[in-house]
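Comments concern the structure below.
Please treat every number below as a calculation from the coordinates, not as lab data. These numbers were taken from a predicted model, which means no experiment stands behind them. Ideal geometry is used to build each Cβ from the backbone, glycine not excepted, and the neighbour counts take in all protein chains shown.
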Amino acid sequence: MNRLLIIAVYLLPILADAHHSTVANFTRDVIAVDGVIEKVRFQNPHASILIRNTDDSGKDIYWLVETGAKTTLERKGITLDVLTVGSKVTATGLKGRRANTMYLQEIRFEDGRVFAPDAPSVTIRGKEIREELQQMAEDFVNLRMMQGFLHEMPLEEAYRLQDDMVEIMRPMLGEVVGYKTGGHDSGPGFPTFPPDGIRAYILSGMLREDGTAIRVQDSVKGFLEADFAFRVGNTSINDAETDLELLSGLDAIVPFAEVPDPYYDPDTRTVNGTIVANMSTRMSFTGEPVAIEATPEWLERINNMTFAVLDENDQVIQEGQFKGWYEPMKVVRWLRDQLRESGKELKPGQLLSLGNIGIIRQIHEGSPRGPAYESNQFRLEYYGLKDDGPATVTINIDR
Amino acid sequence: MHRPRTTIAAGRRIGSHYNDAMTPRILSGLFLAATLIGLRPACAQPDLSGIWMLHGLAKEGELVMTDKALALQAEYDLLEDDPSLFCEPASISRVWANPNVRIAFEQSADQVLISYEFFDLRRLVPLGDASVIADTPSTKNVEGTWFDKMGSSFAHYAGDRLVIETHAHAPGYIRTSSGVPQTGNTVSVEELWIEGETLKLRQTYTDDTLFEKPFVLDYAFRRTGETEMPLYECTDADYDWFEELNAPTDETR
């Protein structure tokens, strides 16, 4: 009962969700205290738990373990009812600047239960969420239908769970190599995207070389999507303001097409579920990068480029253009800002896929979004970027 | 040293003898004036209706403080001086910057009412030019306690933006985590506009006694889709009872 342990200096992602003063009122030192719950206060702006620890000499030392606001916890569906007075627990959290205080990360009960309201992946409620994420990841990787994600929560929390999901998937799908977006206000929206846009990770295991042949059975609800991507050239993009400054943080256009695979239980699909499931990103195809320069002339080229998808017989399936409806630099800015708000900085070499540019073909029969694509090639060509011909990326279909 | 512990009601020490009955009379006249001078092009003004919540963190622009500001900052003790400990807003920016709390707007012909879930604040901003500014604070909580650290405001529409200008701040803290101060000389201009489903706010603080250049803060808010504004019912931090538990006893002194 006398343990006070300085564990380490690490930080669970709780502070981003915390009352602002919390950041300043607590250090980054993680400590643990054994004790008995003496009092629980469920209130604003901070709920708190009083824990009595007994030191080696038998003296009682009280610890005030603070957590989020009552209203924030209630919105997550969390109460402190599980924290009954008299329970023996170990509280772990960030050491406070005020003596004998901490900011709660988790409370572990003698029977092994864990309560951690700010880190859903390890909470009692979150333990179920963690299992749900694990199940979603396994279902996705193994081409099984994913259950949706019927939890109400702020978008920020859904993105944190997307982080958790990606952590689960990384052993199977590799390292983060970039990000993708969709549904922003310059381009097409979608009912299960947040209204101002969505983003997801691209992992190395999702990448396919130009011309790779896929089989129909490599996805369940997959579709062929014409996209457009940039490659990050340097970190100046993180602070860029003007379009030209943004462009100077990019070093290439990467011809990009993908096969997302949104195989959700249709009755349970939600906006949060789409975020958490990483937009069901399955396969991403990249062509030969086209080097760009941060000049008005290049901005003009990008904004005015046209494109088309062709089949193996060079027949044009569909054509399109950016002008009038799609603003690439606006989407780059949105994605950059969204990542920054999530505490993520772009790094050189990362891909930024700007999402669907208006040409989609279903791979499978019976899709409500259209008939199955019957050709054996989905070749995306961009015109106006290079002087010596189109930039291309090709997905072949091995039937 | 500890400040006296207060309840919400104790916040009334800040209050003034403001007469609610004055509001409609002043504002109706000002609305007429505002309309006549064309301050509110009805077709362009932003529709801020609904309930919003901070999306991401507030972004600070460059902060260059004067020696006076640095001295005030040095005196600031976060653990004792943060007005939030006493359920009191430290500044307008402090209230905007709080995550996970709802914010609602009610726009009418002659005023904008901003309701903040945080501390149950209600900020009534008259529309018009500087002549409509009240000689009282613009913000009180639902119990009727006035808060002068959020100053006295007036507003107008400029194209697709609502522009709120605030004067007469009581000394407080623009950023409580770092002790960035404000004084009675501080002027705040808030510009609010809608971009898609996002409410953007740019707040610019000027005060030549504190800042070498305007201090700019940017915020974004997303619609929550909620319709209810629950009461926050803030409770003072009050660490005294806790610190007394660990205070040395006669036996341990």
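Brief remarks follow.
- Cβ-Cβ distance of A:D239 and A:A372, R₀ of 41 Å, FRET efficiency by 1/(1 + (r/R0)^6): the value works out to about 0.35.
- Measure of compaction for segment A:200-244 (Cα Rg per 2.2 N^0.38 Å): 1.67
- Highest GNM mean-square fluctuation among A:K70, A:K347, A:K39, for chain A modelled with Cα contacts below 10 Å: A:K39.
- Length gained on full extension, A:S204 to A:A291, computed as 0.36 nm times the residue gap minus the Cα-Cα distance: 29.2 nm.
- Subtracting the Cα-Cα distance of A:F190 and A:M172 from their residue separation scaled by 0.36 nm leaves 3.7 nm.
- Label reach from A:D337 (point 7 Å along Cα→C-beta): in segment B:171-195, amide nitrogens under 12 Å belong to B:193-195.
- Computed E for B:A158/B:L113 - FRET, C-beta separation, R0 22 angstrom, nearest 0.05: 0.65
- Only Lys, Arg, Asp and Glu carry charge here, each on its Cβ (+1 for the first two, -1 for the last two); on that basis chain A has a dipole of about 1480 debye about its Cα centre.
- Electrostatic bookkeeping for B:Y76 treats Lys and Arg as +1 and Asp and Glu as -1; over the other residues with beta carbon under 12 Å from its beta carbon, the sum is -4.
- Which listed pairs, of A:K70/A:K180; A:K70/B:K59; A:K180/B:K213; A:K70/B:K68; A:K323/B:K200, have C-alpha distances above 29 Å, in listed order: A:K70/A:K180; A:K180/B:K213; A:K70/B:K68
- Loop-exposed GluC sites (Glu not before Pro) per DSSP, neighbour cap 15 Cβ within 10 angstrom, longest uninterrupted part of chain A: A:1-109
- Annotation for A:D267 and B:E233: the two label points, set 7 Å from Cα along the Cα-Cβ direction, are 3.8 nm apart.
- Extended-chain gain in nm, criterion 0.36 nm per residue less alpha-carbon gap, B:D47 and B:N246: 66.4 nm
- In nm, spacing of pseudo-spin labels at A:M145 and A:V216 (7 Å Cα→C-beta vector): 2.0
- Cα-derived Rg to Rh of the protein assembly as shown, Kirkwood definition: 1.01
- Bridging of B:K149 to lysines at a Cα separation below 18 Å is possible for B:K140, once same-chain residues fewer than 8 apart are set aside.
- In segment B:124-193, GluC sites (Glu not before Pro) in a DSSP loop with at most 14 other beta-carbon atoms within 10 Å: B:E143
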